[in-house]
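The block underneath contains the structure these notes are about, expressed in C-alpha cells.
The values are calculated or read from the model by the stated rules, or taken from the named source; none is laboratory data. As the structure is a computational prediction, the values presented were derived from the model and not from experiment. Methodologically, a virtual Cβ is constructed for each residue, glycine included, from the backbone with ideal geometry; neighbour enumeration extends over all protein chains shown.
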Amino acid sequence: MSEKKKRSFLGRLQRTPKWKKEEFTEIEYKPTTVKDLLTEMKDISELIIDLAYSAVLFDNNEISEEVKYLEVRMDKLNYDIRIMAMMAARTKEDAEQLAGILQVAQAAEKISNTAGDIVLLLKDKNRPTLSRILNKADEKIFRLNISKNSEACDKKIGELKIESETGMRIIAIRRNDFWIYNPQSDAVLKSDDWLIARGSDEGFDDLDKFLKGKLKVLE
Amino acid sequence: MIYNWKKIVRYGLPLLTLCVLIEIFAGSILQGNQNVIFKLPILLISFPVINSVGGNIGSILGARLASGLHVGNIRLDIKDKKMHENFITSRLLGLITYAFLAILIYYLASFSNISMDIGLMEFIFILLAVGLILICIVSVVSIITAFLSFRRGLDPDDFVAPIVTTISDTVGIILLFFIVGVVII
C-alpha cells in the first residue's frame, strides 16, 4: 500500500471523533471505588471549564473536541458512580451519606454540561466570539498613562480613592520593565507608569483626564 | 425484580454444593474423633456455638469490608488503618463472646448430668484459644472473599456468607480437637 493510500485510509478512521466513540461504549460494572470516581469527576470538572474557555478564547476546534469528549466521559462516570453507590449502600447511614456524594457528582456533571454549552459558541457564524462579547460588556479593560503634571504622582492608590470615585479597578501597573500585578491600596503611583484598569467608559474618561493633569481632583 | 428463581439456583447451587462437600469433610473429622467426645461430652455443646459465632463474625466483617471497598474508604492493603480497625474490632467482639460463652456452657453443663473431667479455667482457655485463632483465619478468608465480590460485582450476602461459615465450621472443628489434644495430654 502506498503512503498516500495509507494516509487516506487512516484519515477516514480518524474522522469518527473521540467523543462519539466514547458515547457508544457500553456501560458496565467496573471495580472502581466511589472515592476514585468522585476524584476523577472533580478533576474533569476543573479541567473542562479551563478547556471550554480556552477553546472560545483561541477559537480552536481541537480543544472543543476535547471538551466534548470530557463531557461524554463525565456522563459515563456519573452512571458508574451511581452503580457503585448502590452496590456499597448497606445501612440507612450508608444510604444517607452516599446520597450526598451522588449530589456532588451530579453537580460536577452539571458543570461539564455547561462547559459543553460554552463550546457551542464555536458553531456561531460571526467568529471570533470573544472579542464581540467583550465589546458589548459594561466593564471593559483600559490602558492609561500617568503624565508628569498629574496630581496622582507619588501618591498611594488608597489615598486617591480611584475605585470609589470612578469605579475603575487597577489590575496591574507597568513601570519601565517590570509589572505590579493586582496592586493593593498601599501601592504608590509614579509618573510615566502605565495602568491596566477595568471599569466603565465614564469612569475611564474621568480617570484619564485626572491622570493627564486636566482634572485636579477626582470627584 | 432482577432476582428470579432460575438466577438464584444458578448462582447459589454450585457454591452450596461445594460448601456441603466441605461440611461433610468436617463431619467426618468429628466422627473420627469419637473417643475424645465420649471422654468430654461438654465439647458437644461447644461445637455449634463456636462454629456459628466464628461464621457470624466473619460474615459481618466480610459484608462491611465489601461495602468499604465499594466506597473506597478501605483499601486492600496490609497497612490500611481502617482494615486494622475492622480486624481488631472483630477480634475484640470474638474475645468477649467466647469468654461469656465458655462460662455459660460450663455452668449449663454442670447443672445437667454431664461428666466433667475439666476445670473452668482450662475450659475458658480452650475456648478463647480456639476462638482467637479461628477468627484470625476467618477474617483472612472474609477479606479475600469480600475483595473477590468487589472485583466481580457479586452480592456479598450470597457469596461471602456461605464461604465464610463453611470455612469457619471446618476450621473450628479441627482447631477444637487440636487444642483439646494439646491441653489434655
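Tell me which residues, restricted to region B:76-95, are without any contact (Cβ under 8 Å) to a residue 12 or more places away in the chain and more than 28 Å from B:THR170 (Cα to Cα). Spell out how you get there, then give the answer.
Kept after step one, since they are without any contact (Cβ under 8 Å) to a residue 12 or more places away in the chain, are these residues of region B:76-95: B:77-81, B:84-85, B:88-89, B:92.
Correct list: B:LYS79, B:ASP80, B:LYS81.
Within region B:150-173, work out how many residues are surrounded by fewer than 23 Cβ atoms within 10 Å (Cβ to Cβ) and within 14 Å of chain A (Cβ to nearest Cβ).
Total meeting the criteria: 9.
Here is a list of conditions, (1) farther than 30 Å from B:ARG152 by Cβ; (2) modelled with pLDDT under 90; (3) buried (at least 18 other Cβ atoms within 10 Å of the Cβ), and A:ALA115 meets all of them except one; can you say which number that is?
(2)
Are there any pairs with C-beta distances below 6 angstrom linking a residue in region B:64-75 that is at the interface with chain A (Cβ under 7 Å from one of its Cβ atoms) to a residue that is outside any helix (DSSP H, G or I), with the two at least 6 apart or on different chains, and if so which?
Close Cβ pairs (under 6 Å, with a partner that is outside any helix (DSSP H, G or I)) amount to B:SER67/A:ARG90; B:GLY72/A:THR33.
Name the residues in region B:55-104 that are aliphatic (A, V, I, L, M), surrounded by fewer than 16 Cβ atoms within 10 Å (Cβ to Cβ) and assigned to a helix (DSSP H, G or I), would you? Even if it seems obvious, please write down each step before you answer.
Our first condition is that a residue be aliphatic (A, V, I, L, M); within region B:55-104, this holds for B:57, B:60-61, B:63, B:65-66, B:69, B:71, B:74, B:76, B:78, B:83, B:88, B:92-93, B:95-96, B:99, B:101-104.
Next, only the ones that are surrounded by fewer than 16 Cβ atoms within 10 Å (Cβ to Cβ) stay: B:76, B:78, B:88, B:92, B:95-96, B:99, B:103-104.
Of everything in region B:55-104, those that are aliphatic (A, V, I, L, M), surrounded by fewer than 16 Cβ atoms within 10 Å (Cβ to Cβ) and assigned to a helix (DSSP H, G or I) turn out to be B:ILE88, B:LEU92, B:LEU95, B:ILE96, B:ALA99, B:ILE103, B:LEU104.
I'm trying to understand the selection: among the residues of region A:163-192, which are surrounded by 12 or more Cβ atoms within 10 Å (Cβ to Cβ), touching a helix residue (DSSP H, G or I) at 6+ places or on another chain (Cβ under 9 Å) and part of a loop (DSSP other than H, G, I, E, B)?
A:GLY167, A:MET168, A:PRO183, A:SER185, A:ALA187
Only residues that are in contact with a helix residue (DSSP H, G or I) (Cβ under 9 Å, 6 or more places away or on another chain) and within 12 Å of chain B (Cβ to nearest Cβ): list them for region A:37-51, please.
Result: A:LEU37, A:LEU38, A:GLU40.
Report yes if B:GLY119 is more than 14 Å from chain A (Cβ to nearest Cβ) and crowded, with 20+ Cβ neighbours inside 10 Å, otherwise no. Outline the logic, then answer.
Values: more than 14 Å from chain A (Cβ to nearest Cβ): yes; crowded, with 20+ Cβ neighbours inside 10 Å: no.
For B:GLY119, the condition - more than 14 Å from chain A (Cβ to nearest Cβ) and crowded, with 20+ Cβ neighbours inside 10 Å - is not met.
Filter region B:41-55 for residues that are within 13 Å of B:PHE123 (Cβ to Cβ) and not aliphatic (A, V, I, L, M) and give the result. Please lay out each step first, then the result.
In the first step, residues of region B:41-55 are kept if they are within 13 Å of B:PHE123 (Cβ to Cβ); the result is B:41-43, B:45-46, B:49-50.
Matches in region B:41-55: B:PRO41, B:SER46.
Would you confirm, using the coordinates I've provided, whether B:ILE60 is away from chain A (no Cβ under 14 Å), under 23 Å from B:LEU175 (Cβ atoms), touching a residue at least 12 places away in the same chain (Cβ under 8 Å) and β-branched (Val, Ile, Thr)?
On the way: away from chain A (no Cβ under 14 Å): no; under 23 Å from B:LEU175 (Cβ atoms): yes; touching a residue at least 12 places away in the same chain (Cβ under 8 Å): yes; β-branched (Val, Ile, Thr): yes.
Against the criterion (away from chain A (no Cβ under 14 Å), under 23 Å from B:LEU175 (Cβ atoms), touching a residue at least 12 places away in the same chain (Cβ under 8 Å) and β-branched (Val, Ile, Thr)), B:ILE60 does not qualify.
Anything in region A:74-96 that is away from chain B (no Cβ under 14 Å) and either within 20 Å of the chain's Cα centre (by Cα) or β-branched (Val, Ile, Thr) (or both)? List them, or say none.
Answer for region A:74-96, where residues must be away from chain B (no Cβ under 14 Å) and either within 20 Å of the chain's Cα centre (by Cα) or β-branched (Val, Ile, Thr) (or both): just A:MET74.
Condition (residue is polar (S, T, N, Q), surrounded by 11 or more Cβ atoms within 10 Å (Cβ to Cβ), without any contact (Cβ under 8 Å) to a residue 24 or more places away in the chain and out of contact with any Ser or Thr (no Cβ under 7 Å at 6 or more places or on another chain)) applied to region A:121-130: is it met by at least one residue? Step through it out loud before you land on a result.
As a first pass, look at region A:121-130 and keep what is polar (S, T, N, Q): A:126, A:129.
Among the residues that remain, those that are also surrounded by 11 or more Cβ atoms within 10 Å (Cβ to Cβ) are: A:129.
Filter once more, so that each one left must be without any contact (Cβ under 8 Å) to a residue 24 or more places away in the chain: none.
No, that holds for no residue.
Kindly provide the set of residues from region B:46-78 that are over 19 Å from B:GLU23 (Cβ atoms) and of a type in the set (Ser, Thr, Tyr), ordered by number. Show your work before the answer.
Here is the first cut: in region B:46-78, the ones over 19 Å from B:GLU23 (Cβ atoms) are B:60-61, B:63-78.
Listed by number, the list holds a single entry, B:SER67.
Among the residues of region A:193-212, is any hydroxyl-bearing (Ser, Thr, Tyr) and within 16 Å of A:SER147 (Cβ to Cβ)?
Among the residues of region A:193-212, not one is hydroxyl-bearing (Ser, Thr, Tyr) and within 16 Å of A:SER147 (Cβ to Cβ), which makes the answer no.
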